[in-house]
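Before any comments, here is the structure.
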Amino acid sequence: MKPERLYTLLLGIIFLAVWEATVIISQTSPLVLPAPSLVVQSLWQGLSNGYLWPHIAYTLSEVILGLLIGTSLGFIGGVVLGESTRARSLLMPYVVFSQVVPKLALAPLFVMWFGFGTLPTVLITALICFFPLLENTATCVQKVDKQQLELFRMLRASAWQTLWRLKLPAGLPDMMAGLRVAVVLAWVGAVVGEFIIASRGLGALIIAAQGSMNTPLMFAVLTIIALLGLIFYKAAEWLERHLLLTYSDQSTRKPS
């Protein structure tokens, strides 16, 4: 194990130990702050009896669908806005407007338009996670090394060749940074959307646990959300390393 990961693990263990000791010493009620051991017990019970799995699967499907829609639109929109200054000037105010409007305020409208179920939450998730990738993609497509761009022009590369072999490989780190942000925000969007819209899912389960004063279950669900979000973030990091390795020579390869 790398020293950095060992230190991270030790820091987490110390934090949990201090948390456990503080709750025991202060005799804090589990309704206010449950001990980590009680949270683990609630988490294990919910997983072993199958109670949590349908909620996990429901939220997971919303996150994946929202990410696919949001990041696809964000990437395509970012390329369009990056390639066309006129399109950026024309459309960017509306894009910003769509992000400034609170997504919770849109939830009741989505319910009226699309009904209850998965679709409204997926749309909220897509709206939240598409902007980081759009902004990063548009910015990196515009900010290309002028000498390399001039070289591609001298070689009579087409606009598609320049985009695919120069602009996108050169801007890949910035685009993947936007993807990492989108992955995290997708979980926020899905869970917050479920607070209002859904009767299933991890967000709805948090509201139900709050109503029944089951604080350990609330912390158990939050733990699941945090762990799944971390897994998705690490997956985005792995994808970034894989793509950088694959396209590392694209910015210097001659267009054919």
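The values are calculated or read from the model by the stated rules, or taken from the named source; none is laboratory data. What you are looking at is a predicted structure, and each value in this text was computed from that prediction instead of being measured. Virtual Cβ from ideal backbone geometry, glycine too; neighbours counted across all protein chains shown.
Looking across region 196-212, the residues that are over 13 Å from residue 56 (Cβ atoms), touching a helix residue (DSSP H, G or I) at 6+ places or on another chain (Cβ under 7 Å) and in contact (Cβ under 8 Å) with a residue 24 or more places away in the chain come down to 196, 197, 198.
Looking at 98, 29, just one residue is under 28 Å from residue 207 (Cα atoms), of a type outside the set (Asp, Glu) and out of contact with any Leu (no Cβ under 9 Å at 6 or more places or on another chain), and that residue is 29.
Among residues of region 1-15 being assigned to a helix (DSSP H, G or I) and of a type in the set (D, E, K, R), the one that is farthest from residue 37 (Cα to Cα) is 4. Within region 144-175, restricting attention to residues that are among the aliphatic types (A, V, I, L, M) and more than 14 Å from residue 79 (Cα to Cα), the residue that is nearest to the chain's Cα centre (by Cα) is 149. Name the single residue, out of those in region 48-79 being of a type outside the set (Ser, Thr, Tyr) and more than 23 Å from the chain's Cα centre (by Cα), that is modelled with the highest pLDDT. Per the stated criteria, the residue is 49. For region 80-95, the tally of residues that are closer than 20 Å to residue 169 by Cβ and either modelled with pLDDT under 85 or crowded, with 18+ Cβ neighbours inside 10 Å (or both) stands at 3.
Only a single criterion out of (1) at pLDDT 90 or above; (2) within 20 Å of residue 55 (Cβ to Cβ); (3) basic (Lys, Arg) is not satisfied by residue 180, namely (2). Contact map, region 31-42: first residue touching a residue at least 12 places away in the same chain (Cβ under 8 Å), second residue surrounded by 16 or more Cβ atoms within 10 Å (Cβ to Cβ) and among the aliphatic types (A, V, I, L, M), Cβ cut-off under 7 Å, separation 6 or more or different chains; pairs are 33/23; 35/23; 39/220; 42/217; 42/220. Taking the numbered list (1) within 27 Å of residue 124 (Cα to Cα); (2) of a type outside the set (Val, Ile, Thr); (3) in contact with a Leu (Cβ under 9 Å, 6 or more places away or on another chain) in turn, residue 180 passes all entries but (3). Here the condition is being within 16 Å of residue 220 (Cβ to Cβ) and of a type in the set (A, V, I, L, M); of 17, 35, it holds for 35 alone. Contact map, region 222-248: first residue among the polar types (S, T, N, Q), second residue assigned to a helix (DSSP H, G or I), Cβ cut-off under 7 Å, separation 6 or more or different chains; pairs are 223/39; 223/43.
Being crowded, with 21+ Cβ neighbours inside 10 Å and part of a helix (DSSP H, G or I) is not true of residue 60.
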